[in-house]
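Just so you know, all these numbers are worked out from the coordinates, no wet-lab data involved. Computed from a prediction, not measured in an experiment: that's the story for all the values here.
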């Protein structure tokens, strides 16, 4: 899984980085007045996860799902 941010320009989503041709994507758009609040521990967890993705320290989705199934 890869993560990219961007914005809508002329009705199209422009990302801040390149993704492979044919990549499937999901777009989540927040409302202008929408806020998100998290307790300090959750915020640190999210910031750590974002930093991990930015470093490229990720695993394929198939591997993640397999690992999660083993934990059940």
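For the chain, rounded, prolate or oblate, judged on the Cα gyration tensor with a ≥ b ≥ c (square roots of eigenvalues), a/c < 1.5 rounded, else prolate if a/b > b/c? If you can, show how the numbers build up before the last one.
Numbers: a/c = 2.00, a/b = 1.19, b/c = 1.68.
Oblate, since a/c reaches 1.5 and b/c is not below a/b.
Under the definition of Cα pairs under 8 Å and six or more residues apart, what whole-number percent is the relative contact order of the chain? Mind showing how you got there, number by number?
Details: 21 pairs, mean separation 22.4, N = 72.
Across the chain, relative contact order equals 31 percent.
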